[in-house]
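The values are calculated or read from the model by the stated rules, or taken from the named source; none is laboratory data. What you see is a predicted model; the values in this text were computed from it and never measured. For neighbour counting, all protein chains shown are included, and Cβ atoms are generated from backbone atoms with ideal geometry for every residue, glycine included. Remember, those area values only see protein heavy atoms, side chains included, never the ligands or the DNA or RNA. Shrake-Rupley method; radii C 1.70, N 1.55, O 1.52, S 1.80 Å.
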Amino acid sequence: MTSYFTTAEARAARQRRFGQRPSMEVLNESASAKSATGFDVFLSHSSKDADLVLGTMALLEDQGLKVYVDWVIDPQLDRSRVSPETARLLRERMGQCSSLVYMATSSAVMSKWMPWELGYFDGRKGEDKIAILPILERQHDGFAGQEYIGLYSVLRKHTMTDGIERVLVEDVGNRWKFAFALPLNDGWRRYGA
């Protein structure tokens, strides 16, 4: 059975990893990661989803991935103020990432940065290095997203016949590829290949 990730799962992962600590404490804890220059995932997200972002980051890191979240790794950035310096640093960081995961939430549709990040990354690295990660209230809710979202693969969970839950990428045209069975920087492959 296939399902989407939920807000409850993301919040539970945040709680498990970071407890009740406020975001500023989490930022200070992540200081060692700030010097990193290579990442598996650039997590594109709405800044209004801080708890969900930390939880999603934890879920991806649980899969062994190194995740770039701008306000965690580069807390000096002010996403509320657009500046050439902010855009320059984000471009540089995207260049250091093997893939982009677009965290599709109800807040994402209001983001001005997320479409820019998606377009820039697509132009630089190609659509096969991008996946949409819907975070929904219920795991079996429908997901359509904005029209341009349909161009990209979607991350979903699938319970295998052996009962093990895997994270898979649903490619355009409903083909399945493993997302986390191998490092994203080696590319995603089709399920069963």
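Could you list, in sequence order, the residues of the stretch 130-151 that are touching a residue at least 40 places away in the same chain (Cβ under 8 Å) and in a helix (DSSP H, G or I)? Break it down into steps so the answer makes sense when it comes.
Of the stretch 130-151, the ones touching a residue at least 40 places away in the same chain (Cβ under 8 Å) are 131, 133-141, 143, 145, 149.
Passing the criteria: only Ile149.
I need every pair where a residue in the stretch 56-84 that is farther than 22 Å from Ala104 by Cβ has its Cβ under 7 Å from the Cβ of a residue that is among the hydrophobic types (A, V, I, L, M, F, W, C) and modelled with pLDDT of 85 or more, sequence separation at least 6 or different chains.
Filtered contacts from the stretch 56-84: Asp74/Leu89.
Can you report the number of residues in the stretch 7-50 which are more than 17 Å from the chain's Cα centre (by Cα) and at pLDDT 60 or above?
11
Looking only at the stretch 105-162, how many residues end up being touching an Asp or Glu at 6+ places or on another chain (Cβ under 7 Å) and among the small types (Gly, Ala, Ser)?
2
How do the helices (runs of 4 or more DSSP H) wholly within the stretch 45-115 filter down when requiring 3 or more residues that are more than 17 Å from Arg11 (Cβ to Cβ) and open to solvent by 40 Å² or more (accessible area, probe 1.4 Å): which remain? Before the answer, list the steps.
On the way: elements: 50-62, 70-73, 84-95.
Hits in the stretch 45-115: 84-95.
Among the listed residues Tyr120, Tyr148, Tyr191, which satisfies the condition of being modelled with pLDDT under 85, among the aromatic types (Phe, Trp, Tyr), open to solvent by 40 Å² or more (accessible area, probe 1.4 Å) and touching a helix residue (DSSP H, G or I) at 6+ places or on another chain (Cβ under 9 Å)?
Working: Tyr120 fails: modelled with pLDDT under 85; Tyr191 fails: touching a helix residue (DSSP H, G or I) at 6+ places or on another chain (Cβ under 9 Å).
Result of the check over Tyr120, Tyr148, Tyr191: Tyr148.
Could you look through the stretch 9-22, keep only residues that are without any contact (Cβ under 8 Å) to a residue 60 or more places away in the chain and among the aliphatic types (A, V, I, L, M), and pick out the one that is least open to solvent (accessible area, probe 1.4 Å)?
In this case the residue turns out to be Ala13.
Can you pull out every residue in the stretch 41-55 that is out of contact with any strand residue (DSSP E or B) (no Cβ under 8 Å at 6 or more places or on another chain) and not charged (D, E, K, R)? Lay out the reasoning, then the answer.
Initially, the stretch 41-55 is screened for residues out of contact with any strand residue (DSSP E or B) (no Cβ under 8 Å at 6 or more places or on another chain), giving 47-48, 50-51, 54-55.
If the condition is that a residue be out of contact with any strand residue (DSSP E or B) (no Cβ under 8 Å at 6 or more places or on another chain) and not charged (D, E, K, R), then Ser47, Ala50, Leu54, Gly55 are the ones that fit.
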